[in-house]
């Protein structure tokens with residue numbers, strides 16, 4: 001990808017200063033500079049020397065900064081003394097006292113009576129501080145991140161094969177690949193700059209792009225050489241069918257398998273039951289498409305596979321994602337330039353959440369079932385191992401169910417909007433309204449604040465310092481450009497102050513959170529991560545600024561970071577190295593330490609077989625359609641930032657439903673008509689887009705849009721993968737009918753043309769020929 005400086009400046013003339021940072025509106029981690037004028041953020045420009053984006057920016061990266069200047073920013077703390085009272089502005093001292101009072105009250109009933117739900121939007125330093133607070137101070141298992149909805153399966157899928165978390169390949173391998181396999185990954189919309197990089201690599205290498213997706217997404221329209229438009233819920237069947245053909249045609253590296261893996265005989269026995277004719281029928285795809293996919297995979301040594309939500313948000317999430325890794329192990333396409341699996345993250349700091357121990361893991365990918373690793377962590381934190389009681393973290397939906405049963409009374413929500421993003425929205429709201437809720441958010445109008453008993457206004461991107469780690473392990477440093485508005489404070493300051501108000505101490509009686517600024521927290525993190533897979537010990541703020549971004553591991557062996565993992569083909573599967581001893585794909589039963597010791601692979605990777613099973617919640621006569629949820633290019637998550645940009649919001653101001661023309665004809669639904677979706681969980685209302693992006697019998701609604709009748713997530717369920725606990729958001733039974741005739745607005749017509757390939761939006765055109773710039777000056 002050629003260097004290019006994309007920019008969007010909302011003023012005439014030059015700003016007072018430019019401040020180094022990175023975009024945090026997807027997991028790509030594009031380097032940019034923030035323009036500052038008179039103490040306000042007034043624009044951005046891409047960093048041409050940054051190793052992730054070379055100055056390129058996507059539409060969200062160019063326009064998302066406007067949210068910092070929103071009039072709906074929180075300025076002061078607020079509390080609600082009773083559930084039926086309004087939120088009332090108070091001082092920080094009063095708000096923190098109120099927090100500590102209710103925290104201690106819940107704590108008196110047991111440390112598992114409190115829960116924390118945080119975000120892949122926080123910095124590494126904030127997440128590490130929070131993880132140390134919750135695990136080292138409170139000693140509770142009730143902590144999770146909203147990364148559970150987007151990237152939890154990336155972690156469990158990697159652990160299933162390699163013993164630990166950590167993306168194997170990198171974007172440098174994308175540049176060299178001759179075949180890119182995109183599994184449930186709509187790159188053109190969720191990571192626009194990475195898509196540019198993929199298209200550039202295909203053109204340079206004369207390579208191919210294969211896409212597995214039930215929808216004809218913009219990724220399919222703009223760049224797929226082969227589209228496997230499988231039936232929803234058949235990911236494992238597809239992967240088993242591909243592996244069946246690889247083995248049958250001897251497109252596997254048997255020497256590599258013998259030397260570096262375990263489990264081939266069991267895998268071969270399972271995939272024997274997935275011949276191409278059966279898989280083609282299960283997936284509802286042409287047999288020749290399946291055979292072409294297997295041939296390309298089996299005969300292309302330089303192959304990179306990416307995986308995202310289409311595989312993750314499913315009850316078979318870990319199994320299908322792990323099987324992508326297995327394909328690379330069978331063919332030996334791993335640990336060398338241009339080859340390897342890249343199980344993606346969905347958020348800018350999802351990797352930090354997983355690394356730092358503020359979600360479903362312990363710091364630096366430590367195994368809570370390994371006494372060696374837990375004693376080491378206690379030594380770093382100077383706490384007594386005998387009273388530590390490491391516990392496997394609980395996922396957010398298990399915590400919600402616990403709150404529903406009355407087992408959790410206090411919920412601390414940091415940097416996320418669960419009332420929109422969690423499944424079964426109406427149930428979620430009922431649970432939150434009966435629980436004591438603290439919301440820490442930059443905006444006073446985020447939907448979840450309606451349930452809050454305490455509101456803390458916080459600094460956001462550009463207003464604080466810290467690191468974020470992107471989807472290919474590249475660590476960015478975000479510098480502070482401006483002060484936050486009003487009395488807003490950083491998440492780091494709030495978490496550290498609360499920990500000290502609660503009196504958390506180490507075994508020498510010193511404050512558990514002894515550091516007072518992000519740099520000191522980063523220095524401690526370097527020591528805690530040393531020797532583990534995500535080793536930061538050789539990394540400094542100065543090195544990150546010099547290189548633009550640094551991939552971990554960064555240590556004595558890799559003083560300037562490491563492009564890809566497992567070049568030595570030694571995997572972290574030793575019994576006291578690994579992050580997990582394994583979990584049954586179907587029922588989630590953990591493997592005991594003794595069972596693992598009996599079959600210790602001692603540095604070899606696992607080939608784990610998985611049987612396909614039918615997805616839950618099938619269609620019925622009353623609800624004959626399957627609802628798929630997903631994203632659009634112009635918005636991020638629940639639109640708390642992107643909806644504040646006039647440019648972004650004008651392209652996608654409201655939700656819509658994609659319905660296949662065959663179904664639309666049968667139901668007398670036309671483009672622009674107002675339609676209704678109903679399910680056992682709720683009712684949705686919006687406009688229809690008649691387009692063959694979806695298969696007959698399936699519909700698609702973007703999930704970004706708020707609380708109430710326009711929210712797609714009121715129809716989704718708490719069903720989830722047995723291993724990663726990632727919710728099953730891609731397949732919910734619904735009914736659809738026309739409510740009234742309508743005239744399609746201009747944005748809807750443009751979106752339809754974009755989806756059916758007859759029109760290419762500016763961002764897509766720029767990707768294809770490099771000539772179009774979406775830099776449109778704008779104001780808040």
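Values in this text are rule-based calculations from the coordinates and carry no lab data. It should be emphasised that the depicted structure is a prediction, and the values quoted were computed from it without experimental measurement. Neighbour counts are summed over all protein chains in view; Cβ atoms, including those assigned to glycine, are modelled from backbone coordinates with ideal geometry.
Compared with the direct C-alpha span, the chain from residue 93 to residue 268 gains 56.7 nm at full extension, assuming 0.36 nm per residue. Residues 100, 304, 36, ranked from the fewest to the most other C-beta atoms within 10 Å, line up as 100, 36, 304. Cα-based radius of gyration for the stretch 7-69, normalised by 2.2 N^0.38 Å, reads 1.02.
Counting neighbouring beta carbons within 10 Å and listing from fewest to most, the residues 562, 181 come out as 562, 181.
Sequence gap at least 6, Cα distance under 8 Å: using those rules, report the relative contact order of the stretch 188-269 to the nearest whole percent.
This gives 19 percent for the stretch 188-269.
Show that you can apply the helix-only estimate: for the chain, add -39,500 (n - 2.57) for every DSSP H stretch of four or more residues, divide by all residues, and state [θ] at 222 nm to the nearest 500.
Value at 222 nm, helices only: -9000 deg cm²/dmol.
With the highest mean first, a sort of the peptides 285-294, 433-442 on other beta-carbon atoms found within 10 angstrom per residue produces 433-442, 285-294.
In what order do 432, 545, 194, 96 fall by count of nearby beta-carbon atoms within 10 Å, going from fewest to most?
Going from least to most buried by this count: 545, 96, 432, 194.
So, R0 is 60 Å and r is the distance between the beta-carbons of residue 386 and residue 741; what FRET efficiency does that work out to, to 0.05? That gives a FRET efficiency of 0.25. Of all DSSP-defined beta bridges confined to the chain, some 50% are antiparallel rather than parallel.
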